[in-house]
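Student: Take a look at this one; I'll ask things after.
The values are calculated or read from the model by the stated rules, or taken from the named source; none is laboratory data. On a predicted model such as this, the values are computed, not experimentally measured, just so you know. So basically every Cβ, Gly included, is an ideal-geometry build from the backbone, and we count neighbours across all protein chains shown.
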Amino acid sequence: MATLIIALRNAHRVITTSAVAGRSTTVFRPQYGWISRYYCSTDFSYAQPLNIDLSNEESKRRLFNRFLYRSKQRGFLELDLVLGKWVEQHIHSVDENGIKALIHVLDLENPDLWKWLTGQEQPPEAVTVNPVFSELQEKVLKNLDYYSSPETRATPAQPGVRGWDDIKKGRDGPITGNR
């Protein structure tokens, strides 16, 4: 019961803060319903209205800091490193269309995004045409080719390479599991 009250209180807070004068943004992202000031649908059309204020330095700084945080604190270490580094290097040189493309990439779910970036699964057409995604995928695949051998990677459309719970075989290894 207490969690219901907390959820209702938070929903009321979100609704009342989204009604601030001058802010006409959508509050919920379509994938997982968390609060977002920016919305970009999965069809990725540049014609969709996004209120991105790049008029003064303070709003730019806030926007760039928000993107840095969202790219470095995703909860998926590999994506935190890849996206965080890319955003650090490119955020000051992207235009408004690049920002919209970045918003679309940041709104994608972690497991799907990682599989698409590493080539384990074929990304949908809406994601493939995204310039930020294309640049990130090119960088990730180039690093995979340079730093890892193909035997260690999962083949496309196959289950991932097993690791921590593989059966250890050998004279001193456990019979099952990772003990």
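Student: Considering the stretch 86-109 alone, what residues qualify as being surrounded by fewer than 14 Cβ atoms within 10 Å (Cβ to Cβ) and within 19 Å of ASN143 (Cβ to Cβ)?
Tutor: Answer for the stretch 86-109, where residues must be surrounded by fewer than 14 Cβ atoms within 10 Å (Cβ to Cβ) and within 19 Å of ASN143 (Cβ to Cβ): just GLN89.
Student: Go through the stretch 112-125 and give me each residue that's in a helix (DSSP H, G or I) and either in contact with a Lys or Arg (Cβ under 7 Å, 6 or more places away or on another chain) or in contact (Cβ under 8 Å) with a residue 12 or more places away in the chain (or both).
Tutor: LEU113, TRP114, TRP116, LEU117, THR118
Student: Please report, ordered by residue number, the helices (runs of 4 or more DSSP H) entirely within the stretch 1-97 with at least 3 residues that are modelled with pLDDT under 90, closer than 30 Å to TRP114 by Cα and within 18 Å of the chain's Cα centre (by Cα).
Tutor: In the stretch 1-97, no matching helices (runs of 4 or more DSSP H) lie anywhere.
Student: Quick check on this structure: which one of LYS115, LYS100 is at pLDDT below 95, under 17 Å from the mean Cα position of the chain (by Cα), basic (Lys, Arg) and closer than 30 Å to ASN56 by Cβ?
Tutor: Exactly one residue qualifies, and that residue is LYS100.
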